[in-house]
Amino acid sequence: MASHCAEALEIPIPTHCKAKVHRSICLELHGFIDRILHIILAIESARPNCALAIQTLCSLHFTSDKAKSIVKLCSESSKLYLAITSHKILSRCEKIRNAFELYLAQIQNTVTIPLAAKISSILHDLRDTKFSMEFAEDEARKVVLALLDKNLPPSASMENAELEAIQIATLRLEINSPFSLLVEKATLKRQLDHIKGTHQKEKELLEYLLYLLIKYEKFIWQFQNESLSLKHEYVMTNPL
């Protein structure tokens with residue numbers, strides 16, 4: 001079977017989810033990847049001779065690799081970038097889910113009854129799964145996108161808008177320590193180093209996010225500390 005699927009990407013996936021953003025989505029994908037891998041291995045061990053079964057197994061391999069690439073992306077990319085481009089990730093997840101459904105349904109009638117029952121269970125869960133952003137991530141996305149849409153000229157009003165947006169976004173994404181900010185800036189720089197020349201809009205977005213973090217770093221900490229102080233004060237004055 002390996003020869004039939006020689007072109008599969010075989011993207012590795014960690015044994016546990018390390019996603020920085022979209023963690024619930026990645027956990028869903030991770031679970032489906034693991035369950036479908038067991039199905040693939042069981043069918044491959046039976047050495048199917050059916051051309052459709054072989055082709056479908058290859059398609060499942062490719063789709064699994066696409067799912068792994070999303071988990072990998074959410075583990076290695078900038079938190080700010082992931083939040084802002086979440087619509088692309090959600091769209092990719094929907095396409096992956098639909099592909100898993102299609103290929104599992106195609107192969108279900110070619111396997112043993114116990115294996116078909118397992119496939120039926122996976123299909124049921126796939127159809128019930130709704131990929132969505134977490135509230136804090138969505139808030140971060142909205143404030144930064146609103147900033148990008150303002151298109152204000154360089155001025156005090158633009159600086160105020162930038163500062164407010166980056167303070168709220170970093171708070172919501174838990175970029176709340178000197179180390180986490182350092183990691184976020186390093187990640188943005190690494191993404192910029194690996195970006196291809198044809199992706200100019202993505203390059204500009206990454207550069208702007210890095211610019212915001214560098215320019216407003218001390219104000220981010222001031223806002224974070226004030227937010228923590230207010231939260232602590234609220235807890236102290238409103239005990240359970």
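The values are calculated or read from the model by the stated rules, or taken from the named source; none is laboratory data. Computed from a predicted structure; not experimentally measured. Note: ideal-geometry Cβ built from the backbone for every residue, glycine included; neighbour counts use all protein chains shown. To get the accessible areas, we keep the full protein, side chains included, count just its heavy atoms, and leave off ligands, DNA and RNA. Shrake-Rupley method; radii C 1.70, N 1.55, O 1.52, S 1.80 Å.
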Exercise. Select, from Leu90, Leu82, Leu73, the only residue that is within 10 Å of the chain's Cα centre (by Cα) and open to solvent by 50 Å² or more (accessible area, probe 1.4 Å).
Key: Leu73
Quiz item: For Pro114, all conditions in the list (1) of a type outside the set (Asp, Glu); (2) closer than 30 Å to Glu44 by Cβ; (3) open to solvent by 20 Å² or more (accessible area, probe 1.4 Å); (4) modelled with pLDDT of 95 or more hold save one; what is the number of the exception?
Solution: (4)
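Results for (1) loosely packed, with under 13 Cβ neighbours inside 10 Å; (2) hydroxyl-bearing (Ser, Thr, Tyr); (3) within 16 Å of Ala67 (Cα to Cα); (4) at pLDDT 75 or above, shown as yes or no for each residue.
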| residue | (1), (2), (3), (4) |
| --- | --- |
| Ala2 | yes, no, no, no |
| Ile11 | no, no, yes, no |
| His16 | yes, no, yes, no |
| Val21 | no, no, yes, yes |
| Ser24 | no, yes, yes, yes |
| Glu28 | no, no, yes, yes |
| Ile43 | no, no, no, yes |
Quiz item: Which one is farthest from Leu90 (Cα to Cα) among residues in segment 45-70 that are surrounded by fewer than 16 Cβ atoms within 10 Å (Cβ to Cβ) and of a type in the set (A, V, I, L, M)?
Solution: Ala46
Quiz item: Identify, please: which residue in segment 102-111 is part of a loop (DSSP other than H, G, I, E, B) and among the β-branched types (Val, Ile, Thr) and is, among those, most open to solvent (accessible area, probe 1.4 Å)?
Solution: Thr110
Quiz item: In segment 125-144, which residues are free of Cβ contacts under 8 Å to residues at least 40 places away in the same chain, surrounded by 17 or more Cβ atoms within 10 Å (Cβ to Cβ) and under 17 Å from the mean Cα position of the chain (by Cα)?
Solution: Glu139
Practice problem: Give the residue that is surrounded by the fewest Cβ atoms within 10 Å (Cβ to Cβ), with candidates limited to residues of segment 30-41 that are touching a helix residue (DSSP H, G or I) at 6+ places or on another chain (Cβ under 7 Å) and of a type outside the set (Lys, Arg). | Solution: Leu37
Practice problem: Considering only residues that are over 21 Å from the mean Cα position of the chain (by Cα) and crowded, with 17+ Cβ neighbours inside 10 Å, look in segment 164-212 and name the one that is farthest from Lys142 (Cα to Cα). | Solution: Leu212
